[in-house]
1. From the list 301, 345, 374, 355, which residue is under 21 Å from residue 485 (Cα atoms) and assigned by TED's automatic domain parsing to the domain that holds residue 282?
2. Considering only residues of region 250-274 that are without any contact (Cβ under 8 Å) to a residue 40 or more places away in the chain and closer than 18 Å to residue 402 by Cα, which is surrounded by the fewest Cβ atoms within 10 Å (Cβ to Cβ)?
3. Within region 317-329, can one find any residue that is closer than 26 Å to residue 455 by Cα, buried (at least 17 other Cβ atoms within 10 Å of the Cβ), touching a helix residue (DSSP H, G or I) at 6+ places or on another chain (Cβ under 7 Å) and free of Cβ contacts under 8 Å to residues at least 24 places away in the same chain?
4. Restricting to region 395-430, count the residues that are surrounded by fewer than 23 Cβ atoms within 10 Å (Cβ to Cβ) and more than 12 Å from the chain's Cα centre (by Cα).
5. Hey, any hits in region 177-192 for a residue that's modelled with pLDDT under 80, out of contact with any strand residue (DSSP E or B) (no Cβ under 8 Å at 6 or more places or on another chain), within 19 Å of residue 102 (Cα to Cα) and not in a loop (DSSP other than H, G, I, E, B)?
6. For region 219-323, which fully contained helices (runs of 4 or more DSSP H) count at least 3 residues that are at pLDDT below 85?
7. Return yes when residue 211 is over 21 Å from the mean Cα position of the chain (by Cα) and at pLDDT 85 or above and no when it is not.
8. Considering every residue within region 337-344, establish whether at least one is part of a helix (DSSP H, G or I) and more than 22 Å from the chain's Cα centre (by Cα).
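The values are calculated or read from the model by the stated rules, or taken from the named source; none is laboratory data. None of the values given here were measured: they were computed from a predicted structure. Neighbour counts run over all protein chains shown; Cβ positions are idealised from the backbone, glycine included.
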């Protein structure tokens with residue numbers, strides 16, 4: 001590819017990342033108009049499925065996307081993922097019932113699972129061929145630059161998503177939160193087809209479809225268990241126990257399949273590489289901590305401080321600014337000799353410190369303090385967003401670049417799910433231990449002194465959640481010290 005084509009390819013990838021990040025959280029701000037339009041009577045009960053159907057479908061196809069990239073080439077998979085995402089977006093916008101919208105979100109999620117993960121494979125290949133040591137031979141540090149700019153775009157999308165969703169729902173129609181993807185996505189799709197020239201494996205490999213099905217069964221069982229456990233069903237209920245058994249059995253069968261398959265979808269040999277093994281583990285811990293931060297800070301602002309959802313969403317701007325600032329600085333710091341290990345270590349330490357500070361939050365904490373802590377959190381996550389994927393990409397065998405990249409995203413997704421379940425259980429247990437009575441979902445029905453006591457109990461529970469999140473990031477920092485030094 002000529003330098004001009006490479007630059008256009010980078011732009012295509014960054015717009016694709018923005019689409020992926022926007023669509024992950026843009027729906028949350030428009031749930032009320034959606035329910036009011038499609039099912040005002042029973043629609044609120046179906047909102048969790050509207051949110052989780054996208055995540056379930058995305059997680060289920062991640063391992064398959066990686067193997068497809070290594071088998072038929074990243075360009076074909078990239079184009080297919082975008083086309084599927086656009087088809088799902090069009091179906092979402094045209095949905096006439098909640099059931100149709102949930103099914104269309106699942107189709108959109110199948111494509112969305114490849115928008116971020118496969119895009120990172122494309123970015124790595126645009127950087128040029130890798131040397132025997134796994135590093136890019138392209139001049140100018142294309143891989144590092146792509147990762148840092150990707151972090152900037154992800155940070156911007158994180159801040160813009162809720163605001164854009166609320167704006168479109170208020171001033172146009174909720175359907176435009178899906179239709180807005182079409183013109184941008186079609187332009188990206190056409191440009192990718194015309195411009196991208198990526199390497200293809202000269203030897204056709206087989207795809208481990210049974211392994212892909214088992215991986216999907218495990219991830220869906222785990223995500224449903226964490227989504228329903230303690231909310232829709234008790235943790236000891238037959239439904240949750242059944243999902244736990246299904247997840248354990250599918251995981252055991254998946255591991256056996258990967259150990260015996262001729263060409264496994266997630267080769268267990270990759271875990272023998274220290275940087276890959278540690279990168280996956282750190283990414284899972286980061287996924288859990290990030291989920292805890294975003295969800296419980298938003299709950300604090302809305303329930304404890306009585307901010308409207310749109311106003312609470314604006315508090316993500318400092319976090320996005322932190323990610324953007326370190327993204328701009330990381331390229332210069334890398335040019336001065338900073339290693340990926342240094343970035344990972346500083347990022348985990350900064351995130352742990354931010355969570356530790358959030359653990360001091362009380363009912364009347366100055367809101368500027370919250371903004372400052374989110375700024376620090378964004379700086380920490382900004383040092384990790386692109387670097388962890390690059391560490392894994394650099395260490396993995398070149399022929400397993402796709403599997404390594406999507407594997408990183410897969411472990412982040414599992415971390416998100418487990419973090420949501422663990423943090424939710426901790427919050428409920430602390431709240432109940434305060435002797436307020438009832439559960440956190442009943443707080444809005446309390447009045448007077450009982451409501452004030454409930455708010456204090458809820459805040460105490462969140463502080464414990466943030467302490468646990470800080471401990472997870474401290475563990476991630478320790479793992480980062482074990483990473484090899486790579487330029």
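1. None of the others qualify; the one that does is 345.
2. Step by step, filter region 250-274, then rank; the result is 272.
3. Within region 317-329, none of the residues are closer than 26 Å to residue 455 by Cα, buried (at least 17 other Cβ atoms within 10 Å of the Cβ), touching a helix residue (DSSP H, G or I) at 6+ places or on another chain (Cβ under 7 Å) and free of Cβ contacts under 8 Å to residues at least 24 places away in the same chain.
4. So the count comes out to 15.
5. no
6. Passing ranges, in order: 274-299, 309-313.
7. Numbers: over 21 Å from the mean Cα position of the chain (by Cα): yes; at pLDDT 85 or above: yes.
Considered against the rule, which asks whether it is over 21 Å from the mean Cα position of the chain (by Cα) and at pLDDT 85 or above, residue 211 comes out as yes.
8. yes
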